[in-house]
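Derivation of every value follows stated rules applied to the coordinates shown; laboratory data play no part. Source: prediction; values computed, not measured. A quick note on method: Cβ atoms are made from the backbone with ideal geometry, for glycine too, and the neighbour counts reach across all protein chains shown.
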């Protein structure tokens with residue numbers, strides 16, 4: 001349940017706090033007053049994409065915050081726990097989202113930072129928004145299968161999971177088979193190319209890390225004169241004419257001679273002795289290096305030639321010798337696979353047949369369950385439509401399969417197959433007696449679509465665990481008895497759920513448990529949207545405006561009072 005919504009600097013809203021209640025919360029107002037902005041703000045708390053365009057002109061950031069109460073059995077508890085977000089036993093949850101002018105989003109749940117992906121996972125368990133886009137989805141026959149599967153989510157879950165695993169494996173093996181089944185000319189060309197590349201790499205007789213060793217050797221030999229001069233200078237300083245080691249030995253002898261007379265010199269003598277022996281070792285090492293340091297221009301030239309060969313291979317096959325060797329191993333594997341092409345092809349074909357047979361079993365089971373669910377759901381929708389002033393309408397859900405020679409064999413016939421199975425689902429309707437059932441998308445009017453959508457949403461609402469439903473102008477295109485029927489349907493849904501509804505119909509507004517007026521105020525400096533909770537008398541004025549347009553008269557006021565009174569009576573009867 002959404003208890004409170006706070007919006008700051010969002011579009012034309014400067015600062016608004018709305019306290020919603022259980023039951024039917026109605027939002028009305030003139031066109032352009034900002035009703036849709038309220039829905040957009042709630043959408044942000046559910047994970048919809050934010051934009052810097054939402055930030056009110058002249059401000060640095062927009063802020064939206066919602067206080068939700070989770071029902072005890074809500075999956076949202078486990079989702080929050082998975083995010084590391086603590087939720088108290090009372091189920092209170094604060095979701096906040098800030099959007100800066102730079103487009104940066106900051107999202108917090110109970111004060112803890114979360115990502116947009118996390119919010120999108122949680123959002124559907126907080127609020128469900130039903131608007132005009134749902135009516136558009138009803139007009140798309142390929143989306144009807146989603147509505148049917150949503151109704152049968154519990155019954156279909158395991159079968160759909162099994163089918164999805166098999167379908168993914170089937171598609172993957174089919175793709176391997178298609179790749180393997182390339183024409184022989186392309187395959188021969190590929191083999192020739194890989195053999196050439198492999199021979200070129202093998203001819204170089206590369207060793208792992210060889211390029212790094214050669215570069216180090218070239219660096220050393222290219223500067224051999226400098227290296228020799230440095231070694232020779234150091235050697236002469238320590239053991240040659242400069243007698244560095246001799247002077248250190250002389251100092252050690254002098255101190256050792258007087259040490260019996262002054263014990264405090266012992267640490268110094270030890271240090272000099274240690275230094276002497278270390279330098280003596282260093283002199284020995286320099287002598288060996290100097291004697292072994294040989295340089296041959298021919299060897300340097302050989303290193304350069306080797307590096308040129310490696311450089312040419314790097315341009316084709318990898319940035320380092322190790323990468324070139326890895327590439328060689330990879331094409332070796334591919335060549336071996338190609339050499340066993342026929343065997344591999346036969347194995348893949350057999351695997352595809354086996355998977356197709358298993359997939360056909362799961363697809364058929366899924367189809368049978370969908371047909372059973374279609375009968376139940378179509379009857380339920382037909383019942384709902386009767387309550388929405390479509391008493392003589394007939395509604396059916398057609399579940400059919402399409403023949404496809406490239407598909408899988410199901411009960412002796414090859415069927416088209418998709419990630420959803422072998423079924424194509426389409427809603428059919430006959431609005432009037434004597435008419436045949438025809439595709440909903442082709443014949444339904446705007447008012448009929450609104451009522452069908454409300455019927456479906458009412459049925460689906462009884463199967464899920466979401467406490468708050470938002471209907472955004474679900475009453476579009478209806479009037480008279482149909483409008484009254486929609487109003488009463490919304491009120492009945494609101495007996496078990498929190499319902500927020502944006503409406504232009506006085507019939508709907510008259511049944512509100514709480515009524516909010518959305519109005520826009522303008523002056524020379526700015527435009528702002530206000531949300532005003534209406535008391536009983538203010539509700540009369542607003543309903544009077546909705547009934548009579550701009551002019552509010554005594555007759556429209558009297559009619560408004562009568563509608564509110566009748567609304568209370570109807571709700572009292574329905575609640576019994």
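Compute the long axis of helix 321-339 from its Cα atoms, compare it with the longest principal axis of the Cα atoms of the chain, and write down the angle in degrees, 0 to 90, nearest 10.
60 degrees
How high is the relative contact order of segment 442-562, in percent, with contacts defined as C-alpha pairs under 8 Å that are six or more residues apart?
Working: 129 pairs, mean separation 21.6, N = 121.
In percent, rounded to a whole number, it is 18.
Any idea what diffusion coefficient segment 417-459 gets from Stokes-Einstein, in µm²/s, Kirkwood Rh on alpha carbon pairs, 4 °C, 1.567 mPa s? Present the calculation step by step, with values, prior to reporting the outcome.
Values: Rh = 12.1 Å.
So the translational diffusion coefficient is about 107 µm²/s.
Starting from 0.36 nm per residue, how many nanometres of slack lie between residue 288 and residue 104 once their C-alpha separation is accounted for? Walk me through the numbers on the way to the answer.
Working: separation 184, 0.36 × 184 = 66.24 nm, distance 6.55 nm.
Using 0.36 nm per residue and subtracting the Cα-Cα distance, I get 59.7 nm.
Can you put 19, 271, 544 in order of Cβ neighbours within 10 angstrom, beginning with the fewest?
271, 19, 544
Return the ratio Rg/(2.2 N^0.38 Å) for segment 314-471, where Rg is computed over Cα atoms only.
Details: Rg = 26.3 Å, N = 158, 2.2 N^0.38 = 15.1 Å.
The reported ratio for this selection is 1.74.
Over the chain, what is the mean sequence separation of C-alpha contacts under 8 Å (at least six apart), divided by residue count, expressed as relative contact order in percent? Numbers along the way, then the final one.
Working: 820 pairs, mean separation 120.8, N = 576.
The normalised contact order for the chain reaches 21 percent.
Using the beta-carbon distance between residue 322 and residue 541 and R0 = 60 Å, what value does 1/(1 + (r/R0)^6) give for FRET efficiency, to the nearest 0.05? It would help to have the intermediate numbers written out before the result.
Working: r = 81 Å, r/R0 = 1.35.
Using R0 = 60 Å, I get an efficiency of 0.15.
Round to a whole angstrom and tell me the spacing of the C-alpha centers of segment 107-143 and segment 353-375.
A separation of 30 Å, based on Cα centres.
What order do you get for 147, 247 when you list them from fewest to most C-beta neighbours inside 10 Å? Write down the numbers at each step before the final one.
Values: 147 21, 247 11.
By the 10 Å Cβ count, ascending: 247, 147.
When DSSP beta bridges are limited to those with both residues in the chain, what percentage is antiparallel, rounded to the nearest 5?
Working: 51 of 68 bridges.
Here the share of antiparallel DSSP bridges comes out near 75 percent.
Using 1/(1 + (r/R0)^6) with R0 = 41 angstrom and r between the beta carbons of residue 337 and residue 153, what's the FRET efficiency to the nearest 0.05?
Numbers: r = 43 Å, r/R0 = 1.04.
Step by step, r from the Cβ atoms, then E = 0.45.
How far is helix 244-258 tilted off the main Cα axis of the chain, in degrees rounded to 10, range 0 to 90?
Taking the Cα atoms of the chain, the angle to 244-258 is about 80 degrees.
Relative to the present Cα-Cα distance, how much length would full extension add between residue 116 and residue 161 at 0.36 nm per residue of separation?
On the way: separation 45, 0.36 × 45 = 16.20 nm, distance 2.62 nm.
Full extension of this stretch gives 13.6 nm more.
Taking the Cβ-Cβ separation of residue 218 and residue 314 as r and a Förster radius of 22 Å, what is the calculated FRET efficiency to the nearest 0.05?
Values: r = 16 Å, r/R0 = 0.71.
The formula returns an efficiency of 0.90 here.
Which one is right for this structure if Rg and Dmax of the Cα atoms in Å is calculated from it: [x] 25.1, 82; [y] 23.5, 97; [z] 40.7, 132?
[z]
Would you compute, from DSSP H runs of 4+ residues alone, the mean residue ellipticity of the chain at 222 nm, taking -39500 (n - 2.57) per run and dividing by the full residue count, rounded to the nearest 500?
Numbers: 20 runs with 319 residues, N = 576.
When only DSSP H runs of four or more count, the value is -18500 deg cm²/dmol.
Evaluate the distance, in nm, between pseudo-label points positioned 7 Å from the Cα of residue 554 and of residue 57 along their respective Cα→Cβ axes.
Modelled inter-label distance: 4.4 nm.
How far is helix 266-292 tilted, in degrees, relative to the longest principal axis of the Cα atoms in the chain, given as a value from 0 to 90 rounded to the nearest 10?
90 degrees
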